[in-house]
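*Asks:* Once you've had a glance at the structure underneath, I'll fire off some questions.
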Amino acid sequence: MSILIKGGRIIDPANNIDMIGDILITDGLIDKVAASLTAKEAEVFDAQGLVVCPGFIDMHVHLREPGFEYKETIATGMRAAAVGGFTTVCCMPNTDPVCDNRAVATFVAETARRNKLINVHPIGCITKGQKGQEITEMFALAEAGCVAVSDDGLPVMNAEVMRRALEYSSMIGMPVIAHSEDNRLAEEGQMHEGYYSTLYGLKGIPAVAEEAMVARDILLTEMTAGRLHIAHLSTGGSLHLVREAKSRGIRVSCEITPHHISLTDQALADYDTNFKVNPPLRSQQDVKALIQGLCDGTVDCMATDHAPHELEAKDCEFNLASFGISGLETAIPVTIEYLVKTGLVNISQVVKAWTAGPARVLGLDRGTLTPGKAADITIIDIEATKTVNSELFESKGKNTPYQDMTLQGWPVATLVDGRIVAEKGRIV
Amino acid sequence: MVFKHRKDLLGLAELNRAEIESIINTAVPMKDILTRDIKKVPALRGKVVCTVFYENSTRTRTSFELAGKYLSADTVNLAVSTSSVQKGESLKDTIKTIEVMGTDVMVMRHSMSGAPHYVARNTKMRVINAGDGFHAHPTQGLLDMYSIREKKGTLDGLKVVILGDIQHSRVARSNIAGLSKFGCEVRVVGPSTLMPADIENMGAKRFYNIEEALDGADVINVLRLQLERQKKGLFPSVPEYAENFGLNRKRLSLAKKDVLVLHPGPMNRGVEVASDVADSAFSVINEQVTNGVAIRMALLYLMIGGASE
């Protein structure tokens, strides 16, 4: 069983490849990558005018199952990912029950495996019950398939607990993913603190609520053998701290989201709850700093923080609305529209941030087109324009700030282990 | 005409100078009606005004209710507490209920900023924001501007001090939004812990020293200090606040000789304002209340008076 992807622009940042060429896939693996290939038996996929990349990896999604199946299920989240151009996602443990033990992690991994479609790796909790007090059985979590630990949604406020988590996880080689937020500084906050929170009369979440915790966790990482990954980094100040830490050789990485590079706090003028997200949309200066960080390599990867919600969680007063954006099905066009089309970032850096970048953070053996590796491939039409319509989302979460916006650069095919799982916005 | 192309009044920032002037000009004859023996004209006969207050209020709600009644509208009041929102009916459903009963104008007070914007998007009724969270209190802003113009003859170029808890004040924000359209020099003064970020970008000058702020002021608008802010640790004590930020006779003398003192009420006498200042000839606090009725009559008239389309 072979597929020959012909005539596409192959962008494989891990192998420093950006060329027009062909990819031969045999038995689910990358067989050959060359300027011109022929294979008699192979099914041919005409990729002329399209960009062919390693399969996109989203290391930060919320699939909501178990417990919040009315927001999303593992199955619907996987479909959303496939249609959105993702071949691998890692799901956060803030379910009900939380994923703080072998049983829940196994349930998530097995449910995903039965659904086939794409690769799903659970992320386990840092602390039991996500309470921030006692660290979890990380060896058991890793055995059950967890690729990292995180109390995402909640910070580990107790520095002693965070220290022990970094120490303990280092034995397993799993990164600790920090939701960096001092919850006292951020208390009752609705949006980024600044001129617009003053103008709109909403309680602000200051940048320092994130930065103080980033600084603390960098210092804890320095004293331990641990590995720290900052989730959804959103401020220029945090980025500065990470840049400085990296220059001193501290093992810290970070991700940024499509919404934090495309939208600012100004967008809350109409109190549209689809723009309510945590960390909040920041200032224009922060957006610039994040994009700069992506260009200079301080930012390791992009991730959606896909946070689907039911209609009622957003159709209400702003203060009562849940935080979060349903991001899987707009991530690629948003990054191409705001980063590539604008000329701010070259496309191979963007591809790297969605492929080799997260693979490296998590130690996944994916994210490249190296022969012999799993044939996870994302094919994108970077010229295609389409208007976002959440009604057509595979995700149960219709909560998108991009509704009715016309964006450029859409995924046209998603291949997992050499099999086309989604094509032209539809599950195959 | 102001409300020909505008369904709702949600804030003053979105109105232009001419629109604000037209509302204030309309309030002048409305005030005459208030002073008559028979305080009733048939302008809004057959119209329904519903006040929906998700937060306590005495003067604003009563003011709207009387404004409607003086113009012969039918007025009803729905008293709701914020707690019932959380556990009971959604705001959207409540609003729909009020709409289908035949209400023309909904006057809404809510503790959460942006709640009237949400309602306005979801109803055919005209919505007047009677105060939302820290965001806006446009009718208070209008009545303050009317009260100032009535005494000073003009708003242009006046030095207006807003004193107190700026961070949590929708009155301050609506005053800044309105007055800045008339070239006023708006100064805000209060403790640094009660000062919102980047307030200068709204067009106000920031002070932390009350004496400096009051120098040469034409108007001082004193805000109510919500005493529960102290429990949140935003200021150490009421006596220290009164000592450093309370408006007293001595401080009043730093302002112009004909300074006006405003307060949106209800007052904490002896805290943000000394009794002998509140009751002095400089004070227009009671007239603000009367003018508030006139401004709300003007608004209702402009929004639903005359022939409907």
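*Asks:* Return the Cα extents of the range A:351-410 along principal axes one, two and three, sorted largest first, each rounded to a whole Å.
*Replies:* 40, 25, 17
*Asks:* Taking the radius of gyration and the Kirkwood hydrodynamic radius from Cα positions alone, what is the Rg/Rh ratio for the range A:1-157, to two decimal places? Mind dumping the intermediate values first?
*Replies:* Working: Rg = 19.1 Å, Rh = 17.4 Å.
Rg/Rh for the range A:1-157 comes to 1.10.
*Asks:* I've got another one for you. Scan the range B:26-106 for GluC sites (Glu not before Pro) in coil per DSSP, keeping those whose Cβ has at most 16 other Cβ atoms within 10 Å, and list them by number.
*Replies:* B:E89
*Asks:* I've got another one for you. Near A:K6, which aspartates and glutamates are there with a Cα under 15 Å away, not counting those fewer than 8 places off in the same chain?
*Replies:* Excluding near neighbours in sequence, the set is A:D18, A:D22, A:D31, A:E41, A:E43, A:D46, A:D381.
*Asks:* 5 Å is the cut-off here: which amide hydrogens, built 1.01 Å from N in the peptide plane, fall below it relative to A:M59, excluding neighbours closer than 5 in sequence?
*Replies:* A:C90, A:T304
*Asks:* Could you look at the protein assembly as shown and say what percent of its accessible area is carbon and sulfur, using a 1.4 Å probe and all protein chains?
*Replies:* Working: 14140 of 28120 Å².
Carbon and sulfur atoms account for 50 percent of the accessible area of the protein assembly as shown.
*Asks:* Still on this structure, I have one more. Among the lysines, select those whose C-alpha is under 19 Å from the C-alpha of B:K31, and discard any that sit fewer than 8 residues away in the same chain.
*Replies:* B:K39, B:K40, B:K69, B:K151, B:K152
*Asks:* Quick one: which residues, 5+ away or cross-chain, put their amide H under 5 Å from the amide H of A:I177? H built at 1.01 Å from N.
*Replies:* A:V149, A:S150, A:H229
*Asks:* Three principal axis extents, largest first, for the C-alpha atoms of the protein assembly as shown, in Å?
*Replies:* Dimensions of the protein assembly as shown along the principal axes of its Cα atoms: 99, 60, 45 Å.
*Asks:* While we're looking at this one, here's another question. With Cβ to Cβ distances under 11 Å as the rule, what net charge do the other residues near B:L15 carry (K, R +1; D, E -1)?
*Replies:* 0
*Asks:* Just the ratio, please: alpha-carbon radius of gyration of the range A:1-72 over 2.2 N^0.38 Å, N its number of residues.
*Replies:* 1.48
*Asks:* Another one. Out of the DSSP beta bridges found with both residues in the protein assembly as shown, what percent are antiparallel (nearest 5)?
*Replies:* Beta bridges within the protein assembly as shown, antiparallel portion: roughly 35 percent.
*Asks:* A follow-up question, please. For B:K92, list the aspartates and glutamates whose Cα falls under 12 Å from its own Cα; do not include residues on the same chain fewer than 8 positions away.
*Replies:* Output for B:K92: A:E312, A:D315, A:E317.
*Asks:* Would you mind checking the pairs A:K288/B:K231; A:K398/B:K232; B:K124/B:K232; A:K71/A:K373; A:K203/B:K205 and listing those with alpha carbons more than 30 angstrom apart?
*Replies:* A:K288/B:K231; A:K398/B:K232; B:K124/B:K232; A:K71/A:K373
*Asks:* Could I ask something else about it? Give the interface area between chains B and A as buried accessible surface, both sides summed, probe 1.4 Å, in Å² to the nearest 100.
*Replies:* 1700
*Asks:* Within 9 Å, Cβ to Cβ, of B:T51, how many net charges do the neighbouring residues add up to if Lys/Arg are +1 and Asp/Glu are -1?
*Replies:* Once positives and negatives cancel, what remains is +1.
*Asks:* Still on this structure, please answer the following. Name the residues of the range B:185-200, by number, that are at least 20 Å² less accessible with every protein chain in place than in the isolated chain; the surface is that of heavy atoms, probe 1.4 Å, without ligands or nucleic acids.
*Replies:* Listed by number, the residues meeting the 20 Å² cut-off are B:A197, B:D198.
*Asks:* Are there trypsin sites (Lys or Arg not before Pro) in the range B:102-160 that DSSP puts in a loop and that have at most 13 other Cβ atoms within 10 Å, and which ones?
*Replies:* Working: sites: B:R109, B:R121, B:K124, B:R126, B:R149, B:K151, B:K152, B:K159; in loops: B:K124.
Passing both the DSSP loop test and the Cβ count: B:K124.
*Asks:* Follow-up. How much area per residue is accessible in the range A:55-362 when the probe is 1.4 Å and only protein heavy atoms are counted (Å²)?
*Replies:* 32
*Asks:* Please state the charge dipole magnitude for the range B:174-296, taken about the Cα centre, from unit charges on C-beta atoms (+1 on K and R, -1 on D and E), reported in debye and rounded to the nearest 20.
*Replies:* Here the range B:174-296 has a charge dipole of around 240 debye.
*Asks:* Do any residues of the range A:307-355 lose at least 30 Å² of accessible area when the full set of protein chains is present rather than just their chain alone, and if so which, with a 1.4 Å probe?
*Replies:* Residues losing area: A:D315, A:E317, A:N319, A:L320.
*Asks:* In the range B:175-309, if every C-alpha pair distance is counted and binned at 10 Å from zero, what percent goes to each bin?
*Replies:* Taking every Cα pair in the range B:175-309, the percentages come to 11, 36, 34, 13, 5, 1.
*Asks:* For a quick check: with amide H placed at 1.01 Å from N, whose amide H comes under 5 Å from B:V186's, ignoring anything fewer than 5 positions away on the same chain?
*Replies:* Answer set, sorted by chain and number: B:V160, B:K205.
*Asks:* Could you give each residue of the range A:74-89 its phi-based ³J(HN,Hα) in whole Hz, using Karplus coefficients 6.51, -1.76, 1.60 with θ = phi - 60°, and x for Gly or Pro?
*Replies:* Taking θ as phi minus 60°, the curve returns 4, 5, 5, x, 5, 5, 4, 4, 4, 5, x, x, 9, 9, 9, 9 Hz for the range A:74-89.
*Asks:* With point charges of +1 on the Cβ of Lys and Arg and -1 on the Cβ of Asp and Glu, referenced to the Cα centre of chain B, which listed residue (B:Y301, B:G114, B:A204) lies farthest in the positive direction of the dipole?
*Replies:* Ranked along the dipole, the leading option is B:Y301.
*Asks:* Projecting each Cα onto the charge dipole of the protein assembly as shown (Lys/Arg +1, Asp/Glu -1 at the beta carbon, about the Cα centre), which of A:C254, B:G265, A:A384 comes out farthest on the positive side?
*Replies:* B:G265
*Asks:* Oh, and also: Name the trypsin sites (Lys or Arg not before Pro) in the range A:210-256 that are in a loop by DSSP and that have at most 12 other C-beta atoms within 10 Å, would you?
*Replies:* Answer in residue order: A:R248.
*Asks:* State, in angstrom, two size descriptors of the range A:55-362 derived from its alpha carbons: Rg to one decimal place and Dmax to the nearest whole number.
*Replies:* Gyration radius and largest Cα-Cα distance of the range A:55-362: 17.8, 50 Å.
*Asks:* Could I ask something else about it? Under DSSP H, which helices of chain B have Cα atoms covering 18 Å or more of the helix axis and a Kyte-Doolittle average no less than 0.0?
*Replies:* Qualifying helices: B:17-34, B:285-304.
*Asks:* Next up: If you take every residue apart from A:R282 with its C-beta less than 12 Å away from the C-beta of A:R282, what net charge results, scoring Lys and Arg +1 and Asp and Glu -1?
*Replies:* Neighbour charge sum, excluding A:R282 itself: -4.
*Asks:* Sticking with this structure for a sec: Would you be so kind as to identify which of A:V412, B:C184, A:T368 lies farthest towards the positive end of the dipole of the protein assembly as shown, taking Lys and Arg as +1 and Asp and Glu as -1 on Cβ and the Cα centre as origin?
*Replies:* B:C184
The values are calculated or read from the model by the stated rules, or taken from the named source; none is laboratory data. Here the structure is a predicted model, which means the values were calculated and not measured. Virtual Cβ from ideal backbone geometry, glycine too; neighbours counted across all protein chains shown. Protein only, heavy atoms only, side chains kept; ligands, DNA and RNA dropped before computing areas. Shrake-Rupley method; radii C 1.70, N 1.55, O 1.52, S 1.80 Å.
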